[in-house]
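See structure below.
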Amino acid sequence: MSGDQVTLIGTVAVVAQVALVIAGAPWLAGLMRQIRARLEGRAGPGPGQPWRDLRKLLRKQPVTATGTGPAFRAAPLVLVATALVVAALVPLAATRTPVSGHADLIVVVALLALGTVSLALAGLDTGTAFGGMGASREMTVAALVEPTLLMSVFALSIPAGSTNLADIVSGAVHDPARLATPTGLLAAVALLAVTVAETGRLPVDNPSTHLELTMMHEAMVLEYSGPDLALIELGAQLRLTVLLGLLAALFTPWGIATTDGWAALLLALALLALKVAVLGALLAAAEVHLAKIRLFRVPELLAGSFLLALLAVTASYFLTGA
Amino acid sequence: MSAIGPALAAAGALAAAGSACGLALPERARPAAVGACTAGVGAAGLVAGVSALRGQLWSASLPDLLPLAGVHLAVDALSGLFIAVCGGVTVAAAVYGIGYTRHGLAGRNVQAVLPLFAWTLVTVPTAASVSTFLLLWELMALSSLLLVVAEHRRRAPVREAGLWYAVMTHLGLVLLLIALALFSARAGGETFTALRAGAGRLSPAVRDTVFVLALAAFGSKAGAVPLHAWLPRAHPEAPSNVSMLMSAAMVNLGAYGLIRTGFDLLDGGPRWWGLLTVALGAVTAVYGIVQAAVATDLKRLLAYSTSENLGLVLIGVGAALLFDADHHDELAALALAAALLHVVNHAAFKALLFGAAGSVLHATGTRDLDILGGLRPRMPATTALFALGALGAMALPPGNGFVSEWLLLQALIHGLAAPGVTTAVLLPVAIAAIALSAGLAAAAFVKALGVGFFARPRGSAAQRAVESPRAMLAGMGLCAAACAGLALVPGTLSDALGRAVAASGTGTVGGRILVGGGLDLRLAGFTGRLASLWIALALAAVAAAVPAVVRSRARAPRRSDAPLWDCGAGAPTARMEYTATSFAEPLQRVFDDVLAPEQDVDVTPVRESAYLVERVRYQRRVPDRIEHRLYLPVLQLLARAGQAARRLAGGSVHRYLGYGFTALVVLLLALAVTR
């Protein structure tokens, strides 16, 4: 197979996976809401509602809150841009893409943190009590999430000998026994807890509340409306989709195209949609049974997940290296 | 023909000229002339450092300059890196200082000492013998001390800060003196060449003593916990251009001293040296940034962040020592390269941040974040520059701090290949410490930027703020350009870093650590690749494309303003805004056990009834806990010992003669017994 064709398939894979993430993100959010509604005994608006909301919001006139500056205006763009760059970097559908050499797990983590920071700055830029409160809580959680995240990165990179996502994923595809080790399982649990915290889901934050005592993410974005709000919502949905896709790629990598071929790519894209939908459905079903925990209990949850990640790393050493 | 010698000579001449200008010229012409000369000193240092990084070597020996020992100077790539960093910071700080002359800072003493301090910064790394090094080191400490106390007439805390700095820096000097004197006595010579040659003959106990003392001495200069107490006092109280020099240039020389002694002179040691240094660095990084996250004083926050970043450098140096002890040369070289790159990056963004903080102080007269705010429309350039520096300090892409932290993490992650249970436990903990400090740094700098510069003014001082003079903006602009360059094309430094690491005697001979194609940074011996320029371009492209798409969908694309949502209760006032204290409150609660904040609630009831409250006073302070628990007891003990010692000196001549006699007898007895 010639080099040109590899590049072509790889490029198509990146474009296709980004397009799938953009198109699928609102549907994933809708699906999760619908599942929650059904489990709670409500009819629910159907999975297409977030998509309709986005279309409606995009058509409205953009409005800026008085007294805010570039930080407020740029935050939705940064949020969406970081999520999209991450969506392109992570090998969701294929491991041999033109960008797979740059798909470093630390870079992915840091890009997502950049989105969080820009939103927190926007919250502070409004100068309202709500904005400051949301920003303060979000940064507290984000700061405490970071050690667990990097520890999981560390645990995952040990078998592959690299923090490159394509290496990690293709290594796991060819050697599935890696995933069944204590290291893999502990890292999976730790990363799941972190994903919940990063995307503002229960039990860390409640995405559907507007009660000031409980909210974090919603408090920061209270002043947004119209197209800006649409971007914020889309950004949040993209982050959730990408993180679930990342989890799927790391812990159930089967189906991701590691060779070049159109059929493999199509299968990979279909499986990606399926895996993320199943993960989202499980998360939504779990959320029904959870209550939001107090803000000051969140560190305990994160400390627990950090401990799991630390165990994952040391376990890998004692099981393989000793 | 080496450019290093002439450049260093030019630096010396310019420093002398600058000091003369500071003493002789009238006040109006003084800052510009002194600033130009100091900038010249920095530029000469930059030239010398860059030449050394390109592979030139230089050494000189001036036997007549100093009695008994003479002066020995030598420049290799390792010293070149630090000379270049100090020189670059000096240029920016000197240009900045031309505009920063309010409140008597254009005075004769300050302006005359400034070029001298700049000169010592660029010459300390050139020292090649113990006496020369100690002399320059002490000259640096003294000149910076004089600059720290420059504003002692205006603010009382300056005097206290100066006292702390003077005492602690000299305690560090004593430790260093013991370490190097012991080293040179046992090695049989005081030039670095003799030390290198004699290091192998030293007994392990002597080597360990030398290393531990040097670690304490250089660690205290670098702000390592628990010897950091002077740093968050002295750096904020110094005039801001001096803060730039101290926080971005002087602290690095602590790292330089440690690398020079640990790797070059002692040529590595047992594993526990590395473990100790990594542990020290990890504790410093986390403690420093936790304090920064709850600080409300802008410059104090930056000073604690300096302590954090030097902690990260120490983690890199310690990891390199550890890998070196295990003969993993490639890993050691990678870890040391990461530490050196972080020194460079930290210097760039910290000089920028201290400059911007100085601009805020210049414009508002306060450093208290709780009464700042709303500076963005009033000081747009300063705000943008601070934001750029904060991006670097937060270690997020596309900032420059991210590049070196990425490299450091790569070194540690690949380092698990090195065997040993201690490695398997310590390296993950070190990575967690780096991650936690990065997360908390994000919180601290979101607070500094969001509360200090955005939203509405919380006090009248911030309301009257105006943009800084051009010279200050130009000085910060130089730092900003350096930050941007380091962030986008870090690959250009890879050869220089390789040479600097090789000069320290680590790594394989001729082995490359980093392959820099200019545009991306690759590890040579391991898989790992970072293309910061492409990431920045991709982010910019998406962020530019999204609004175009959005605009095409909108029916009414014109943007309009609307008032903030006020819950139907009237316009929100500045008092309703989150302050720095309230922003940090959740973090302070989480780290309650570490910080041990002091709370004081004082309820005054009305006279008629104890149940009706007239006034509630709530006070909270977050003191530096280590300072409280470690230093105050020692100080009290010393004071008590001093009181007790008074009784010995009663004024009676007979008693004093008795003391002399007893001492002589005891000494003779001791000699008789030991001989």
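A short reminder: the numbers here are calculations on the coordinates, not readings from a lab. Note that the coordinates shown come from a computational prediction; the quantities given were computed from them, not determined experimentally. Backbone-built Cβ (ideal geometry, glycine too); neighbour counts: all protein chains shown.
Remark: mean inter-chain Cβ contacts per residue of B:385-392 equal 1, using a 10 Å Cβ-Cβ cutoff to other protein chain atoms. Can you list the DSSP H helices in chain A whose Cα atoms extend at least 30 Å along the helix axis and whose mean Kyte-Doolittle hydropathy is -1.0 or higher? Both cut-offs are met by A:3-39, A:105-126, A:129-160, A:226-251, A:262-288. The orientation-averaged projected area of the convex hull spanned by the Cα atoms of chain B comes to 40.7 nm². At the listed q of 0.10, 0.14 Å⁻¹, the Debye profile of the range A:228-322, built from one uniform point per Cα, gives log10 I(q)/I(0) equal to -0.46, -0.84. Enclosing the Cα atoms of the range A:1-124 in their convex hull gives a volume equal to 166 cubic angstrom per residue. Taking 0.36 nm per residue of sequence separation and removing the Cα-Cα distance, the B:LEU68/B:CYS567 pair yields an extension gain of 171.8 nm.
Averaged over peptide A:66-73, the number of partner chain Cβ atoms lying within 10 Å of each residue's Cβ comes to 6.
Peptides B:563-576, B:638-651, B:434-447 ordered by packing proxy, namely the average of other Cβ atoms within 10 Å per residue, highest first: B:434-447, B:563-576, B:638-651.
For the pair B:SER460 and B:LEU25, the difference between a 0.36 nm per residue extended length and the Cα-Cα distance amounts to 152.9 nm. Across chain A, the longest piece that holds none of the trypsin sites (Lys or Arg not before Pro) lying in DSSP loops with up to 14 other C-beta atoms within 10 Å covers A:43-293. Out of every Cα-Cα pair that chain A contains, those further apart than 25 angstrom amount to 51 percent. For the range B:586-675, the Kirkwood radius over C-alpha pairs fed into Stokes-Einstein at 25 °C and 0.890 mPa s yields D = 126 µm² per second.
Both numbers refer to the Cα atoms of the protein assembly as shown; Rg and Dmax are 29.6, 105 Å. The range A:214-258 and the range B:8-27 have Cα centres separated by 59 Å. For the segment A:84-93, counting C-beta atoms of other chains within 10 Å of every residue's C-beta and taking the mean gives 2. Label-to-label distance, A:ALA177 versus B:ALA649, with points set 7 angstrom from Cα along the beta-carbon direction: 7.8 nm. Look at the alpha carbon pairs under 8 Å that are at least 6 residues apart: their mean separation over the length of the range A:7-117 gives a relative contact order of 34 percent. Over every Cα atom in the range B:161-284, the radius of gyration and the widest Cα-Cα span, Dmax, amount to 15.2, 47 Å. Give the distance, in whole Å, between the Cα centre of the range B:543-586 and the Cα centre of the range A:161-183. Going from one Cα centre to the other spans 43 Å. Centre-to-centre, using Cα atoms only, the range A:73-133 and the range B:395-467 are separated by 16 Å. Measuring r between the beta carbons of B:SER552 and A:THR11 and using R0 = 22 Å, the FRET efficiency lands at 0.30.
Could you give the Stokes-Einstein D for the range B:10-92 in µm² per second, using the C-alpha Kirkwood radius, 37 °C, 0.692 mPa s? Please report the intermediate quantities before stating the final value.
Working: Rh = 13.9 Å.
Estimated diffusion coefficient is 237 µm²/s.
By the rule of a C-alpha distance below 16 Å, with chain neighbours fewer than 8 residues away ignored, the aspartates and glutamates paired with A:LYS60 are A:GLU223, A:ASP228, A:GLU233, B:ASP561.
Regarding the range B:1-46, what's the average projected area of the Cα-atom convex hull, expressed in nm²?
2.8 nm²
Per residue, the convex hull around the alpha carbon atoms of the range A:40-111 comes to 202 Å³. The convex hull built on the alpha-carbon positions of the range B:382-490 has an orientation-averaged projected area of 8.6 nm². Between A:PHE296 and B:ARG108, the C-beta separation translates, for a Förster distance of 56 Å, into a calculated FRET efficiency of about 0.50. Here B:LEU171 and B:THR674 are evaluated by their C-beta separation; at R0 = 25 Å the FRET efficiency comes out at 0.25.
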